Amino acid sequence: YMSCFMLKRRSREFGTYMLLGIPGKRIARMFLIENVLMGGAALVFGILAGTLLYQAMVLIIMHIFGVDYRMTLFFSWEALALTCGYGVLIYLVSMLRLGRKIGKMRVVSLLYAERENEEKLPGSPVFGYALPAVALAAGAAGAWFCRRMFGQGGNLSTRDMGLFLLCTVVCVYCFYTAL
């Protein structure tokens, strides 16, 4: 989404480059290199922030259960490899799709891409009110399952955990789509 958003914001600039005679492949390569650099920086920042957030969440959970815990820096090569692998894979697919899109664009479409509206959700206004309501209901159900899960004295049910995760995913998706 962010790459497409940036493409729309910089479309006039790319259209001007094309008018000056720079080939579309070269413009696409320049845009892709910029995005890879920004994506790499975001990945490094995300890994650092995620490590600190993980430690803070473990500290909070251990405090809730009354277990002594001291924050320590722990480094896992497996977690780093998975995170980097998934990040690179997602970025690669996104950049290939975007590179094709830029390569096929004409000067006119680049010059006026910024004026295009974002896609709107299909349906009636009721749909716009239904999604936040579904998100709130799923969030409340997820909170109930979470409370039930941890209220069983350490006896975690796989069913409750699965339902909690499902409700959380539905809640986040509906809020994201509605906003």
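Each value in this text was obtained by applying a stated rule to the coordinates, not by laboratory testing. Not measured: the values here are computed from a predicted model. Positions of Cβ are generated from backbone atoms using ideal geometry, with glycine treated the same way; all protein chains shown enter the neighbour counts.
Given +1 on the Cβ of Lys and Arg, -1 on the Cβ of Asp and Glu, and no further charges, what dipole in debye does the chain carry about its Cα centre, rounded to the nearest 20?
760 debye
Kindly provide the chymotrypsin sites (Phe, Trp or Tyr not before Pro) of the range 31-97 that DSSP labels as loop, not H, G, I, E or B, and whose Cβ sees at most 14 other Cβ atoms within 10 Å.
F65, Y69, F74, F75
Which helices, counted as full DSSP H runs in the chain, have an axial Cα extent of no less than 18 Å and a Kyte-Doolittle average of -1.0 or above?
Within the chain the helices that satisfy the rule are 24-64, 77-104, 125-150, 158-178.
For n ≥ 4 DSSP H runs only, could you compute -39500 (n - 2.57) per run for the chain, divide by its residues and tell me the 222 nm figure to the nearest 500?
Calculated at 222 nm, the ellipticity per residue is -26500 deg cm²/dmol.
Got a sec? Charge dipole of the chain, +1 on Cβ for Lys and Arg, -1 for Asp and Glu; which of T16, C84, G40 is way out at the positive end?
Going by the Cα projections, it comes out as T16.
Using a Förster radius of 30 Å, what is the FRET efficiency between M2 and D68 based on their Cβ-Cβ separation? Nearest 0.05, please.
It comes to 0.15.
What dipole magnitude, in Debye to the nearest 20, does the range 1-60 give about its Cα centre under +1 on Lys/Arg Cβ and -1 on Asp/Glu Cβ?
Around 320 debye, computed over the range 1-60.
With r as the distance between the Cβ atoms of R97 and I47 and R0 = 22 Å, compute the FRET efficiency 1/(1 + (r/R0)^6) and round to 0.05.
0.35
Suppose R0 equals 45 Å. What FRET efficiency, 1/(1 + (r/R0)^6) with r the Cβ-Cβ distance, do V36 and A133 give to the nearest 0.05?
According to the calculation, E is roughly 0.65.
About the Cα centre of the range 30-116, how large is the charge dipole given +1 on each Lys and Arg Cβ and -1 on each Asp and Glu Cβ? Please answer in debye to the nearest 20.
480 debye
Scanning the chain for trypsin sites (Lys or Arg not before Pro) in DSSP loops with at most 10 other Cβ atoms within 10 Å, what's the longest stretch left with none?
1-69
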